[in-house]
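Structure record follows, encoded as C-alpha cells.
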Amino acid sequence: MNKIITTSFLSALFIITISCESQKGKTLSEAFSDDYTVGAALNVQLLQGINKKTDSIVRKHYNSIVAENCMKSMFIQPVEGEFAWVDADRFVDYGEKNNMEIVGHTLVWHAMAPDWFFVDSVGNDVSRDVLIQRMKTHIEAVVGRYKGRIHGWDVVNEAIDGPDGVRQSKWQTIIGDDYIEMAFKMAHEADPDAELYYNDYSMYEPKRREAGLRIVKNLLAKGIRIDGVGFQAHYGLDVPLVEVEKSIVAFGELGLKVMITELDLSALPFPSEEVTAEVSTDVAYQEKFNPYKEGLPTDIKNRWSQTYIDLFKLFTKHSKYISRVTFWGVNDTESWKNDWPIKGRTDYPLLFDRAYKEKSVVQSLVQLSYKN
Ligand code: GLA
C-alpha cells in the first residue's frame, strides 16, 4: 500500500516537474495558448517605428493587438468626410505581418469623438436622422476599409452610466437608446465576418453588470449580431474578484465571449470613491496620491503581483468563457495611468517596467498557466 502511494506521489511529482520545465522560457501568449489570446494596446509611436523596445516585447509576448487611439473617431475622421488612415493602416499591417488577432477600437463612443459629429454649422445639435446618417457613414467607411482583416470590433464603448444605467451621451439623447442596435447592425453590414463587441468599464459593479446584461440581452433578443462583451479592467489593488467572477459567469452564460480588454493594475491610492473610470476625470495633483516616485515598497509590490496572479487564476478558471486578455499598453512609462485620474504621477500598472524589463510577475504568470 505504502509502496503504491509512494510510487503515485513520485509519478505526480515527475509530471509536475516536467510540466514546470516545459513552461520555462514560454512567452505569455504561448503559456495561455490553450485558454485565450493575450494582447496589448499599441500606441502610434510603436506603429511609426519609433518605439523599438516596446515593439520587440509585443512581438515576443502577445498574439493579439488593439489600437490604443488611432481608430478613435477624433483621430480617424477629425473633420467630416476627411479620414486619416495612415496610423490605422499601419496598425492593421502590423497585426497581419506578425500573424496576430487584430481588434478594432472603437466605433461609437461619447468620448474622443470630434464635436462636428453632433452639431450643425451653427453649433446646434443635429437631428436624429443626420446623426444616424453620420454614424452610418463613419462605420461603413472604417469597418469597410478593413473588411476581412479585423477579427473583431468594439462597436459601442461605454454606453452605461448613472443610476438607471443609461449614459445620456449625444448618441443617446439625439438618437435614443436604439443607437446601440443601429451601430451593431451597421457594423455587421459593413463586415459580415467580423466579430462585434460591447465594451465598458467597472463591469464588476452589480448595477453596471445589470445594465450591461440589459444591453446585450436586447441585442440577442432581436437577433442582432453580438459576439462578445469587453470588460475594460482598469483595476486597482482592491479589485473585488468575487464580483469580477460573477460578471464573467453572467455574460458567459449568455453564450457571449468575455474579453478582458484594457487590463492594467494601478499600484497607487485611488483619490476618491466618487471617481469612476470616466476618461474626462481630472483630479488635482496632491503629493499624498503620488507616494512611490522612486519605486514600489516591497509590501505593495508583492500585493500588486499577487493581485495579477489572482486575476489570471480567475481568468483561467473561466477560460471556457474568456477568449482574450488584453493589456492597456506595454510598459509603465507609456501607460495612461500616470496621468489619470491625476496628471503627473508615477504608476506601475503593466508587466514591463520603465527600463522595458520584464517584471518578475511575468514568469509567475507563465508558471501559473500549467497549474490551472
Ligand atoms: C477607455 C477607452 C480606451 C482608453 C481608456 C483610457 O477605457 O476605452 O480607449 O481611452 O479609456 O486611456
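Going by the structure shown, is ASP282 among the charged types (D, E, K, R), within 16 Å of the ligand (Cβ to nearest atom), in contact with a strand residue (DSSP E or B) (Cβ under 9 Å, 6 or more places away or on another chain) and modelled with pLDDT under 95? Yes; evaluated as a whole, the condition is true for this residue.
Just give me the residues in the stretch 207-246 being out of contact with any Ser or Thr (no Cβ under 8 Å at 6 or more places or on another chain), surrounded by fewer than 16 Cβ atoms within 10 Å (Cβ to Cβ) and touching a residue at least 40 places away in the same chain (Cβ under 8 Å), in sequence order. Selection gives LYS207, GLU210, ARG214, LYS222, LEU241, GLU245, LYS246.
Residues that are surrounded by 12 or more Cβ atoms within 10 Å (Cβ to Cβ), of a type in the set (A, V, I, L, M) and in a loop (DSSP other than H, G, I, E, B) within the stretch 279-296 comprise VAL279, LEU296, listed in sequence order.
Mind checking which residues of the stretch 40-60 are away from the ligand (no atom under 14 Å from the Cβ) and touching a strand residue (DSSP E or B) at 6+ places or on another chain (Cβ under 7 Å)? Once the filter is applied, which keeps residues that are away from the ligand (no atom under 14 Å from the Cβ) and touching a strand residue (DSSP E or B) at 6+ places or on another chain (Cβ under 7 Å), the stretch 40-60 yields THR54, ILE57, VAL58.
Take the conditions (1) of a type in the set (D, E, K, R); (2) within 16 Å of the ligand (Cβ to nearest atom); (3) buried (at least 20 other Cβ atoms within 10 Å of the Cβ); ASP191 misses just one of them, which is (2). Counting only residues that are β-branched (Val, Ile, Thr) and buried (at least 23 other Cβ atoms within 10 Å of the Cβ), the stretch 318-353 holds 4 of them. Restricting the first member to the stretch 37-52 and to residues that are under 24 Å from SER369 (Cβ atoms), and the second to residues that are among the acidic types (Asp, Glu), the beta-carbon pairs closer than 8 Å and six or more apart or on different chains are THR37/GLU101; GLY39/GLU101; ALA41/GLU68; ALA41/GLU262; LEU42/GLU68. So, GLN367, is that one touching a helix residue (DSSP H, G or I) at 6+ places or on another chain (Cβ under 8 Å), at pLDDT below 95 and over 27 Å from GLY228 (Cβ atoms) or not? So GLN367 passes the test. Among the criteria (1) within 16 Å of the ligand (Cβ to nearest atom); (2) not in a loop (DSSP other than H, G, I, E, B), the one ASN69 does not fulfil is (2). State yes or no: is ALA88 among the aliphatic types (A, V, I, L, M) and outside any strand (DSSP E or B)? Taking the combined requirement at face value, the residue satisfies it. Residues in the stretch 308-353 that are closer than 24 Å to GLU278 by Cβ and among the small types (Gly, Ala, Ser): GLY329, SER335, GLY344.
The values are calculated or read from the model by the stated rules, or taken from the named source; none is laboratory data. Computed from a predicted structure; not experimentally measured. Quick reminder, even Gly has a Cβ in these numbers, built from the backbone with ideal geometry, and neighbours come from all protein chains shown.
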